[in-house]
Amino acid sequence: MYRSQNGLAAIRSILARNHLRQATPTSKLCTANVKDTVSNAKFEARRPSTVVDRIIRVDHAGEVGANQIYAGQSIVLGEGPVGEVIENMSGKKKDNLELLNKLLQERRVRPTVLLPLWQFAGYALGASTALLGKEAAMACNVAIQEVIEEHHNSQLRELLATCSEDEELLEGISKCRDDEAELKEIGIENGAQMAPSYDTLSQVVKAGCKAAIWLSERI
């Protein structure tokens with residue numbers, strides 16, 4: 001009887017050890033799956049959302065185009081007081097482009113494929129309106145700034161509704177929006193509304209700007 005009990009105990013001990021050996025790989029597999037899940041979650045967190053991707057892409061395109069507009073205007077009106085005003089306005093846009101370049105790289109956002117088109121179109125628009133005179137150049141700038149200011153307001157509302165925790169992007173868009181409002185006032189102070197056919201020129205430029213926004217958000 002004693003030997004039988006010892007034999008049963010030995011069998012139970014062997015079965016227990018075998019059970020532990022079989023359980024260990026499964027435990028390791030579960031741990032590995034948890035690590036993979038956490039790693040994937042971190043990777044997904046670094047990827048831009050659809051909203052963030054769209055906002056950064058279109059705003060980057062806008063800053064590229066704006067810098068080219070000022071470059072075209074500087075070629076024509078670069079000398080004298082008007083040139084200084086344009087240079088000061090251009091400085092803010094350069095700062096904003098630097099900010100958008102940083103966000104583009106950090107968030108791994110693909111820029112619009114239309115970027116070369118906006119570079120050419122921006123430069124041509126800046127130079128052609130400057131050829132019409134200082135007032136026409138300023139009217140062009142004010143029209144664009146009115147559209148972009150409202151565009152940034154819409155973006156901020158969308159971000160607050162969907163990505164309210166993204167303080168870096170909210171602050172960046174707010175800065176760009178405030179700069180547009182300031183540049184608009186500078187343009188008005190420098191005779192934008194005195195441009196020949198101001199209303200017509202403003203409407204044409206606004207229509208082109210809105211079309212560029214629509215395309216850059218999608219392509």
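Couple of notes before you dig in:
- Rough spin-label spacing in nm, given labels placed 7 Å along Cα→Cβ, for Asp53 and Thr162: 1.1
- Here the Karplus curve 6.51 cos²θ - 1.76 cosθ + 1.60, taken at θ = phi - 60°, turns the phi angles of segment 206-214 into couplings of 4, 4, x, 5, 5, 5, 5, 4, 4 Hz, with x standing for Gly and Pro.
- Within a straight-line Cα-Cα reach of under 18 Å, Lys93 can be paired with the following aspartates and glutamates, leaving aside sequence neighbours fewer than 8 residues apart in one chain: Asp59, Glu63, Glu84, Glu146, Glu149, Glu150, Glu171, Asp178, Asp179, Glu180, Glu182, Glu185.
- For segment 94-157, alpha-carbon Rg over 2.2 N^0.38 Å: 1.34
- Taking every Cα-Cα distance in segment 73-112 and sorting them into 10 Å bins starting at zero, the pair-distance distribution P(r) comes out as 28, 33, 23, 15, 0 percent.
- Rg/Rh for segment 42-139, where both radii come from Cα atoms and Rh is the Kirkwood radius: 1.10
- Sorted peptide list for 61-72, 155-166, criterion being average Cβ within 10 angstrom, highest first: 61-72, 155-166
- Overall dimensions of segment 147-194, expressed as equivalent-ellipsoid semi-axes from the Cα gyration tensor (√(5λ), whole Å, largest first), are 27, 10, 4.
- Karplus-based coupling profile of segment 59-69, in residue order and whole Hz: 6, 4, 4, x, 5, 4, x, 5, 4, 6, 4, with θ = phi - 60° in 6.51 cos²θ - 1.76 cosθ + 1.60 and x standing for Gly or Pro.
Rule-based calculations on the coordinates, nothing more; no lab input. Every value quoted in this text rests on a predicted model; they were computed, and no experiment measured them. Don't worry about glycine lacking a Cβ; one is built from the backbone with ideal geometry, like all the others, and counts go over all protein chains shown.
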